[in-house]
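Colleague: Have a look at this one.
The values are calculated or read from the model by the stated rules, or taken from the named source; none is laboratory data. None of these values were measured; they are calculated from a predicted model. Ligands, DNA and RNA are stripped out before the accessible areas are found, and what is left, the full protein with its side chains, is counted by its heavy atoms. Shrake-Rupley method; radii C 1.70, N 1.55, O 1.52, S 1.80 Å.
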Amino acid sequence: MSTSVLFDAPGPRARVRNHLLTVVSVLLVAAVLWFVYQGFDAKNQWEGKIWEPFLQATTWTDFVIPGLLGTLKAAGAAAVLALVFGAVFGLARLSDHKWIRVPAGAVVETFRAIPLLLLIFFIFYLFPTVFGGGDYAFISVVLGLMLYNGSVLAEVVRAGVRSIPKGQSEAAYAVGMRKNQVMRLVLLPQAVTAMMPAIVSQLVVLLKDTALGYIIAYVDLLNMGFKILPAAFFGSLIPAAIVIGIIYVGLNMALSALATWLERRSRRSRKSIVPPIAPPGPAAVGMGTGTPGASALEGME
């Protein structure tokens, strides 16, 4: 009989200990929240007049919503480009041709090593000189996000394909498939399912990193809500920071929920013997090692 957990069911003592730890954790969180509330209250940050601007429709229509649209526009464009960049360079790093594999690896490692803020600055000051006109801030944010996150996604793609047991491709070659057919019909369908958690994790990072456009005055949610809005209403930064933070949390939770739904649907629609790829960390290096598994080819029908 199969089980859905990887550990033994807790006994009576373990259950009591777990409940006790849960109660202690809840009390600690409540104490921290109370401490924060008291600190804000001592500085009169809960006064109604400070929060009144967020009860006005013009605050949302003139500031928050335009900033939110700017964030979504930059994140959407950068996400699409980063996924394409990651797929192209991830597969290029798997090429049998050294003249393709080595330059692709150099590009990926270079852009992964450059801090995103410096990359955005570099593009922002280089773009007018090289290309002339255009929305410098938007293009700089999108290109910076594409290059950095696309390089990370390239490693995710490479790790996802290499995590497929070698028996899968060997069986496909044995029945007469060409290399591009093996990649397209056998390896990638299983790899995509395994890569989904890591891809979504990186897209959440990308969405949050749009806030770096604040430095070059890109009109996004952070710039509108944390800089322009308080200046327009002569209010405190604390209410603006709380509201903007809640919106960012909501966006990321919505993206994560969508990704969870897509992953579950993908796993129901196809069988995969490959476990999910772990989301990349800040310095995810060496993700190209394969994951051992069964050698039978599945889903060849």
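Colleague: With all protein chains present, calculate the accessible area of residue 253 using a 1.4 Å probe and round the result to the nearest 10 Å².
Modeller: 130 Å²
Colleague: Let me ask something additional. Solvent-accessible area of residue 51, probe 1.4 Å, all protein chains present, reported in Å² to the nearest ten, please.
Modeller: 60 Å²
Colleague: Another one. How much accessible area per residue does the stretch 149-217 have, counting only protein heavy atoms and a probe of 1.4 Å, in square angstrom?
Modeller: Counting only protein heavy atoms, the per-residue value for the stretch 149-217 is 37 Å².
Colleague: What accessible surface, in Å², does a 1.4 Å probe find on residue 93, ignoring ligands, DNA and RNA and rounding to the nearest 10?
Modeller: It works out to around 40 Å².
Colleague: I would also like to ask the following. Ignoring any ligand, DNA or RNA, what whole percent of the accessible area of the stretch 132-223 comes from carbon and sulfur when the probe is 1.4 angstrom?
Modeller: 63 percent
Colleague: If you average the alpha carbon positions of the stretch 170-228 and of the stretch 27-85, how far apart do those two centres end up, in angstrom?
Modeller: For the stretch 170-228 versus the stretch 27-85, the Cα centre distance is 26 Å.
Colleague: Related question: Beyond 24 Å between alpha-carbons counts as too far, so tell me which of 49/208; 73/227; 49/227 fall in that bin.
Modeller: Among 49/208; 73/227; 49/227, the Cα-Cα distance tops 24 Å for 49/208.
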